[in-house]
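All remarks here apply to the structure that follows.
The values are calculated or read from the model by the stated rules, or taken from the named source; none is laboratory data. Only a predicted model underlies this, so the values are computations on that prediction, with no experimental measurement involved. Cβ placement follows ideal geometry from the backbone for every residue including glycine, while neighbour counts extend to all protein chains displayed. SASA here: full protein model, heavy atoms, side chains in, ligands and nucleic acids out. Shrake-Rupley method; radii C 1.70, N 1.55, O 1.52, S 1.80 Å.
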Amino acid sequence: MNIYDVSKKAGVSIATVSRVLNGNTNVSEKTKQRVLDVMDELGYTPNVFARGLGLNTMKTIGIMCTDSSDVYLANAVYYLEQELRIQGYDCILCCTGTNHENKKKYTELLLSKRVDGIIFVGSKFLDEEPSCNAYIIDAAKTIPVMLVNCYLKGNNIYCTQCDDETAVYSVTDSLIKSGHTNIVYLYTSTSQSGQNKLAGYKKALELNHLPLKKEFMQLCNKDILRAKEYLTGLFADNISFDAVVTSDDSLAVGALKFAYEHHIPVPQDLSIVGYNNSILARCTEPELTSIDSKVEALCTTTVNTLMGVFNGSDVPSRTHITADLIKRNTTLF
């Protein structure tokens, strides 16, 4: 028996049940009594760590990420931990890898630790097969679940996303309008976020009536040398290109290394755009133009939304953050 069952039986939202549990006065006495009656009828009692009703809370949030060595994910974990500390919460971090069973196991581990909520960082926690996402939906029946930069519809699930599709579309469209016609797109994954970015690239070409070329779209993982080698292969096959857009700064670094090795002037003869505006973008020469996916804003918004859920406030189940293009020295526009 869980909070979802109570809300369904009482005919109120999970937020309303949360307000009752927290003693929030913004609930009518009639509604409060109905919720309490349903709790009594169903035999639902918040665990001893739950908030509200005069009980204590563990004041602990679980954070899940697939790879803590990844620059983007490491930054996200840092910002989440800092913001949660400001709110008076401790964290338990689980680095799961991409194996589905490990993701499920660590979710169950956090639930057994009686955390107050779980934050999943990155879209690699989602699978195209709906049944593989059941562990997330099940977790949300007990505690709030927050998703950073991915979307899954479900009760008690709250998502904060960067508009990746629009970001990649906009920069690709700008390259086309500045005269580039042969644009390579290198990407790191086929996750939900990765698919959104790829969709933005395709949309820009289609709306500008440029052909989609299979050889201009390549999965490279987050491998600098793989990106360099792929572009070297195109160059060796006399396949010309005048711009490279990437889904991560690491691949843009690989493109710069390719250009340096083949004495190709950047940005005069080759424009290069990275993604995430990481420290890598400022470590190269020339410095990389990169899309700022606003990881800090994503994490701050996620924590604020979670605090709103705890307080019984009405919060959106989905929030979009708009990316910025940070122009440096690898593009002319």
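Tallying residues that are under 23 Å from Val77 (Cβ atoms), touching a residue at least 40 places away in the same chain (Cβ under 8 Å) and open to solvent by less than 40 Å² (accessible area, probe 1.4 Å) within the stretch 284-299 yields 6. Only residues that are under 24 Å from Thr301 (Cβ atoms) and in contact with a helix residue (DSSP H, G or I) (Cβ under 9 Å, 6 or more places away or on another chain) were counted in the stretch 112-134, giving 12. Restricting the stretch 173-183 to residues that are touching a Ser or Thr at 6+ places or on another chain (Cβ under 9 Å) and part of a helix (DSSP H, G or I), the residue that is most open to solvent (accessible area, probe 1.4 Å) is Ser174. With respect to (1) open to solvent by 60 Å² or more (accessible area, probe 1.4 Å); (2) within 17 Å of the chain's Cα centre (by Cα); (3) under 21 Å from Gln195 (Cα atoms), the lone exception for Glu129 is condition (2).
Residue-by-condition table, conditions (1) closer than 30 Å to Glu83 by Cα; (2) in contact with a Phe, Trp or Tyr (Cβ under 7 Å, 6 or more places away or on another chain):
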| position | (1), (2) |
| --- | --- |
| Asp249 | yes, yes |
| Ala255 | no, no |
| His262 | no, yes |
| Leu270 | no, no |
| Asn277 | yes, no |
| Leu280 | yes, no |
| Leu288 | yes, no |
| Asp292 | yes, no |
| Val295 | yes, yes |
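Can you say whether Leu186 is more than 14 Å from Ile272 (Cβ to Cβ), among the aliphatic types (A, V, I, L, M) and either part of a loop (DSSP other than H, G, I, E, B) or under 20 Å from the mean Cα position of the chain (by Cα) (or both), as far as the supplied structure shows? When the stated conditions are applied, Leu186 does not pass them.
The residue of the stretch 206-224 that is least open to solvent (accessible area, probe 1.4 Å), among those that are more than 25 Å from the chain's Cα centre (by Cα) and not charged (D, E, K, R), is Phe216. If only residues of the stretch 300-333 that are among the aliphatic types (A, V, I, L, M) and over 22 Å from Ile157 (Cβ atoms) are counted, the one that is most open to solvent (accessible area, probe 1.4 Å) is Leu332. Note on the stretch 235-283: residues that are crowded, with 16+ Cβ neighbours inside 10 Å, of a type in the set (A, V, I, L, M, F, W, C) and touching a residue at least 60 places away in the same chain (Cβ under 8 Å) amount to 10. Got at least one residue in the stretch 149-172 being assigned to a loop (DSSP other than H, G, I, E, B) and in contact with a Cys (Cβ under 6 Å, 6 or more places away or on another chain)? Looking through the stretch 149-172, at least one residue is assigned to a loop (DSSP other than H, G, I, E, B) and in contact with a Cys (Cβ under 6 Å, 6 or more places away or on another chain). Screening the candidates Val171, Val148 for the property of being under 15 Å from the mean Cα position of the chain (by Cα) and modelled with pLDDT of 95 or more yields one hit, Val148.
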